[in-house]
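What follows is one structure encoded as structure tokens, with my remarks underneath.
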Amino acid sequence: MGRPDPEEGHLPAPVKPPDGGWGWIVLLGCFVITGFSYAFPKAVSVYFKELMKDFHVGYSDTAWISSIMLAMLYGTGPVCSIMVNQFGCRPVMLIGGLLASSGMILASFTTNIIELYLTAGVLTGLGMALNFQPSLIMLGTYFDKRRPLANGLAAAGSPVFLSSLSPLGQVLLEKFGWRGGFLIMGGLLLNCCTCGAVMRPLDTGMKRKTEKTQDKYEAKEMLPIGGKSEEGISTTDGTKKAKKAKKQPRKGKKLLDFSIFSNRGFIIYTISKFILVLGLFVPPILLVNYAKDTGVPDTEAAFLLSIIGFIDIFARPACGMVAGLKWVRPHVAYLFSFSMLFNGLTDICSARASNYTGLVIFCVFFGISYGMVGALQFEVLMAIVGSQKFSSAIGLVLLIEAFAVLIGPPSAGRLVDALKNYEVIFYLAGSEVVLSALFLAMATYCCLNRGKKKEGSPEKNPPAGGGSDTEEAESDVQEAEEHSSDNHQPAHSTDNTVVAASEEANHVAEEQGREGGGCPAGDGEVLARDGCNADQTVERDSF
């Protein structure tokens, strides 16, 4: 996955995503990884009250644990991209699972808050980062047409684990204390290694062998007359060798592709996500302590996160299914903007909630909107940059978001310590999320869609969504082959044997078209030199 082809000296051609098969096992592994990565930093907040008593620190100090976890999850994005491009997804994920587990185990033996920052924060956060990003890359490799649904199902891991880990953490805290709870949580994180083991890369070698055999068989079928058959095969092989010789200068793959910053849609998405992350994670992190300060019992306060998680479970797959509809997918960026606007308005309207009933209502609407955001955020990024550049794009996006994660929750914690008022925090967080929604929608419409209309032609990477990567790749390959055929036409005309073979092939194709109602369309087909239209095509490598 992501490594250079040792045989040819250049990158192998991308394999068509199977949209199923072993991909469902990969989806299950991504479901578990996403659950741990997003739910774990929030579930750890259950232990904050005990940590404040044992280490004699304020809430803002303990909030740094979750912030450091999220900052490592986001900030190490470029490092993860480089490691994945160099070594592949599976080895990186196995190492990440071991680091995440060892971080929580070591945290159970700490004696001060700084040691907690280094173990539970840095080490566990780094381990989860090395699992999270490769799992998304593998998901994009195995799914294309069903990618919105796959992203929605994988994103549902976050609420499922949040609704499970939060009550589990409360039970472990009551029975074993925070040290015993951390130790058991570390054991649970070893499941990330199992998920990494199932991330099997798609095999490109088998595809090349199959294509080579198929090309020779098709050449024999189309040129059945004695020596012309062998001439056609040799011509096919010679054409492929010429193409390989042209690709020889392209050695290896960039460990981190910065060319994506030339994509205006990527810039708009990155700025919007930075503003979004400033306020998105603040309400769920502060919710449990806010409920406890208003007089809600500890068990019921922890149950509020379970409510968010339960609603979120159904919101993410449902939103993924909606985003996959043909008339919605080209405009998925606007659906993402709507989900952010919904989330921000929920924070603002629920800022005055002062009893348990009001908090429950807030959790219901927050779960719906939060689930929509979670299901769409990476689908929009994949639609903007494509699957080939996604490994670099997600690493750079997560790095930029890391700064917002380090600013948002800790600043909110300090404001709580200073003002003793949660209402202002909810207003501030909601306003930031609303601002990000408005910026994404307006920038997408004004800077991108209007630009397309003025130019009179669509851009190569439509930021508001788009069709599948496979269809775009096939179109690019077909255009490149047509251009190559035009450039080499004089050379072909000088070889009488090849011209005769081409005319023989065209004659056979025309006969097949009359009998079968037209030439079959396929991935490896282009227009013939002598005027064969869309209904009369021949294999491009047979002449």
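Quick one: net charge around LEU73, please, counting Lys, Arg +1 and Asp, Glu -1 for every other residue with C-beta under 15 Å from its C-beta.
Working: positive: LYS42, LYS273; negative: GLU401.
Charge balance near LEU73 sits at +1.
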What's the carbon and sulfur percent of the stretch 254-367's accessible surface, probe 1.4 angstrom, rounded to a whole number?
74 percent
Check which residues have an amide H placed less than 5 Å from ASP144's amide H, if you skip close sequence neighbours.
ASP19
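Can you give the direction-averaged projected area of the convex hull of the alpha-carbon atoms in the stretch 242-377, in nm²?
On the way: hull surface 48.9 nm².
Projected area, direction-averaged: 12.2 nm².
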Figure the gain on full extension for GLN86 and ARG200 (residue separation times 0.36 nm, minus the Cα-Cα span) and round it to one decimal in nm.
39.5 nm
Would you mind telling me the share, in percent, of accessible area of the stretch 16-203 contributed by carbon and sulfur at probe 1.4 angstrom?
71 percent
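Rank by packing, highest mean first: peptides 148-158, 283-293, with packing defined as the count of other Cβ atoms within 10 Å averaged across residues.
Details: 148-158: 26.5, 283-293: 22.1.
The peptides rank, most packed first, as 148-158, 283-293.
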If each of HIS56 and ASP293 carries a label point 7 Å out from its Cα toward its Cβ, how far apart are those two points in nm?
2.3 nm
Hey, what's the stretch 16-203 come to in accessible area per residue, 1.4 Å probe, Å²?
32 Å²
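Can you check what the net charge comes to around GLY309, using other residues whose Cβ is under 13 Å from the Cβ of GLY309 (Lys, Arg +1; Asp, Glu -1)? It would help to have the intermediate numbers written out before the result.
Numbers: positive: LYS42, ARG316; negative: ASP312.
Charge balance in the 13 Å sphere: +1.
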Simple spin-label estimate for PHE403/ILE184, 7 Å along Cα→Cβ, in nm, reads 4.1 nm
Sticking with the crude label model, points 7 Å out along Cα→Cβ, report the distance from LYS16 to CYS446 in nm, one decimal please.
4.3 nm
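The values are calculated or read from the model by the stated rules, or taken from the named source; none is laboratory data. Fair warning: this is a prediction, and the values are worked out from it, not measured in the lab. Because the Cβ atoms are built from the backbone with ideal geometry, glycine has one as well, and the counts that use them run over all protein chains shown. Ligands, DNA and RNA are stripped out before the accessible areas are found, and what is left, the full protein with its side chains, is counted by its heavy atoms. Shrake-Rupley method; radii C 1.70, N 1.55, O 1.52, S 1.80 Å.
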